[in-house]
Structure formats: C-alpha cells, structure tokens
1. So for the protein assembly as shown, taking the charge dipole from beta-carbon charges (+1 Lys/Arg, -1 Asp/Glu), which of B:Trp163, B:Phe203, B:Asn270 sits furthest toward the positive end?
2. Take every DSSP beta bridge with both residues inside chain B and express the antiparallel ones as a percent of the total, to the nearest 5.
3. Mind checking region A:84-158 for GluC sites (Glu not before Pro) that DSSP puts in a loop (not H, G, I, E or B) and that have at most 12 other Cβ atoms within 10 Å?
4. Which residues in region A:106-147 have a backbone N closer than 16 Å to a point placed 7 Å from the Cα of A:Ser96 along the Cα-to-Cβ line?
5. Putting +1 on Lys and Arg Cβ atoms and -1 on Asp and Glu Cβ atoms, find which of A:Gln3, A:Cys39, A:Gly18 reaches farthest to the positive end of the dipole of region A:1-44.
6. Figure the gain on full extension for B:Glu56 and B:Lys137 (residue separation times 0.36 nm, minus the Cα-Cα span) and round it to one decimal in nm.
7. Considering just Cα atoms, how many Å³ per residue does the convex hull of region A:82-153 enclose?
8. Let's see if you can work this out: charge +1 on each Lys and Arg Cβ, -1 on each Asp and Glu Cβ, no other charges. What is the dipole magnitude of region A:5-78 about its Cα centre, in debye to the nearest 20?
Amino acid sequence: MRQGIVFQLNGEETVYEGSATDRLLDVLREEYRLTGVKCGCKEGECGSCSVLIDDKLVNSCMVAMGRVQGSSVVTIEGFSKTERFKVLDAAYASVSAVQCGYCIPGMILASNCILSKNPTPTEADIREGISGNLCRCTGYNAIVKAIQIAAKEGEGLW
Amino acid sequence: MVNGFVPTSLEEALKIRAANDVIPYAGGTDLMIGERREGAYLFLNRVPELKIVKREGDVLRLGAGCTFSELIEHPETPALLKEALQRIAAPAIRNEATIGGNIANGSAKADSALIFFVADAKLKLASTAGERVIPIKAFYLGRKKLDLRPNELITEILLPTKWLTPYYYQKVGARKALAISRLSFAGLMHIENGVIEHCATAFGAVSAVVLRRDDIDAMLVGKTVEQAKQIRGEYLAAYRQAIDPIKGRVSSEYRKMVCMNLLEDFLEANGI
C-alpha cells in the first residue's frame, strides 16, 4: 500500500500523489499553480525559485518532493499574507528596489531569512544573506537599503 | 510513496538500502541538477543518527547528514571547517547541502572534503552487515569513483581536531558567492619550541582526487624551522613534481602556478 507525500503547503495540509523524485519547483508551479515561485536557472545559481522549508531559505529547483514529507513549505503566495511581508513590501516600494520583478519573490523570502536570523543585520550580513539571489536590474544597492528600512520599520516583528 | 523512501532511523535506512536499488538523497543539491538517474530516492534528511555532532577526545564525530548551515552555527565546529563551509555557494544551498553528500559526490572540488583530507579524517560506512572505518584518502578511488558498496551509506566523518589550529586556507574562485573552486589549498603546521611537530597540506581541484601527499609533508616533520629552511627547495620540488593539474575551465599551467604560490605562502607564513 503506497501513500502520498504529506506536507504543509502555505499552512495547509497537502498530499502529493506523484513521484517522490519530482522537483519541488515544478510541482509548486504546475500542480499547485503557485507561479510566484520563479524558474530562473534550475541549477541553484539564481535564487528566483527560493521558498521556505521549515522556515529556512531553500532553492526549490534543488529539492525532490520526498524531501518535504512532514515539512512545511511556504512560497511567496503564503508569505504575502503575513505582517512581515507588508513591512518588506512597503520598504522595497519606498526605495524602488524592484524593476523587472523576476527575482523579487526569492529576494523577499531571503530578506525575511536575514531578519529572522538577526533583526538588526549589518550591511555585510544583508549582502551575505542575498548572495544566492541574483538581480540583473537593480545593482543590489536599493535592495540592501530596502532590507535596512524593513529592519527599522518592522522592529519587533522578527 | 512513489519512487521514494523516507526512513526515520539509520537501521530503517540501511534495511531499505540493502533491499532496494535506491539512490541516496542527502541534501539533493548536486543530485537534482544535471543529468538525473532514473530510480527511487532514499531520503536521508529524517535520520537522526546522521545529524550527530559529538566530541570524543581529540576526534569530532560529525553525522554525514549535517548540513553546511548546521555546522557553521554549531559551537563544536573547528574554525577551519567553518571557514570552508561559509565560502561554499550561498545560504539557500548551505541550508540543504550536507558534508556526507559533498564527499559522496566524488569531486576533488568539494570544499568540505579538502578539509577532511588535510585533517586525515576517517569515514564511517555502515550497512546491515556492520560498520567499517576507513581513511578518507582510501575512500576516493578516482573521479566519481568511491569505495562505497551498493548496500552502504556514509554515516559519519571522524575528524581529528588536534592539529586544526593554526591553519592556512585559501579558496580561489571566479567570484565571491556561488563559486566553484578553481583551486583550493589547506595547510596545517604545528611548531613547538622551534620544531615542526606536524605538517599537512591538501590541494583541491587539481587532480581527480584531492591531493594529499603526507609522504612529502613528512620531509618537514621533526625538523627545526632552520633545518626546514634548508630543505625548502627540495620540499617544493617534490610538490612541483607531484602536482599535475587537470585541464578544466582554467589552464593546468595556471592551476599549477597558483598551487605553488600558495604552498610557498604557507611556508612563509610559518617562517620557512
């Protein structure tokens, strides 16, 4: 008797009946239509497919479905319902840290992980925290600034 | 579950490994990219025995399933290993990638493996038939060729910590983040009252397997710094002979020159 993969997806218990070797990125986008998870390079180089697994930043292109059995997966769609998101959203908007937007779902989740680890990060901490998330538009400075603003405005949230 | 097994104990994992043709999945960060072999995965992320970090005298037992991030944050992790792990990839990869996976991938570019080589670490391999412990140098038979039987899993890395400080470590990559080593070097030298008690070096990304020539390093052991200075040329010549770099994205001449520069810098840093 075989059963599916049971995991939390954006807070809801979910059972995936497909193969345990399927790529999390593909399943999130195609099976669950969570297209905020972007596919950039499919080799862990760009970070645009970042999701949270048990609150940690992970590239969903490098994860097979069996890995998430018993885990919690949060995508930008789930994260966008949080207070933390609102603070990051406003901070990014305030300094125009978004241009084409493709990297932003991953960048926002990476920002959350930086602040979760240290609510008052240094600029070096921030740059290290987004080092796996490529952005070809902004040159990063605006993003770093946005995270600094979020740290200030979101005091107590992280 | 279709095409997958998620054991929650080592015993269960080894039984599955013995009874099925499965592909061990540790962090998945190498497995999931590139060409993927068809077959069921044995997911190891829920096996608690593979997560241990335990000091036993001069040896640190590291579970093969420890992720880079877990070890970077662990207070027992020696500074040299921590520095090497911090320079691998980026946070999202370090959160999943494991030291056991880095070794099992069989690459001479594996940055954590370099540290285990220079430290002369041993690996604990287990199957339902029992355990065996072998030096990491013996485990690597060639590029992507490992002394791992089809029913075995790497369960622990036994890391001797006595000589791990002070250390010399350099990773040469094309950029700061997400860089695969073009070359890496680690050197350990312990000088007590002017006498070299221990000398160990390892070169990553130069040949099919991490280069660890303890026979050459032995030339300096037991010598005073003054004596070491006299045979410095001989020591360097032995390495110049031993290093025959593979050609890759960078030329073998470049690799060799950087190897020798780093080796000389390591000696100079120790007053030799």
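1. Working it through, the farthest residue towards the positive pole turns out to be B:Phe203.
2. Values: 40 of 46 bridges.
Here the antiparallel bridges make up roughly 85 percent for chain B.
3. Numbers: sites: A:Glu123, A:Glu128, A:Glu153, A:Glu155; in loops: A:Glu155.
Those satisfying the criteria are A:Glu155.
4. A:137-146
5. A:Cys39
6. Details: separation 81, 0.36 × 81 = 29.16 nm, distance 2.18 nm.
Computed gain between B:Glu56 and B:Lys137 is 27.0 nm.
7. On the way: hull volume 5.3 nm³, N = 72.
Cα-based convex hull of region A:82-153, divided per residue, equals 74 Å³.
8. Values: 7 positive and 12 negative charges, 41 e Å.
My answer is approximately 200 debye.
Computed from the coordinates by the stated procedures, all read-outs in this text should not be read as laboratory data. The structure displayed is predicted, hence computed values, not measured ones. Cβ coordinates were reconstructed from backbone atoms using ideal geometry, including for glycine residues, and neighbour counts include every protein chain displayed.
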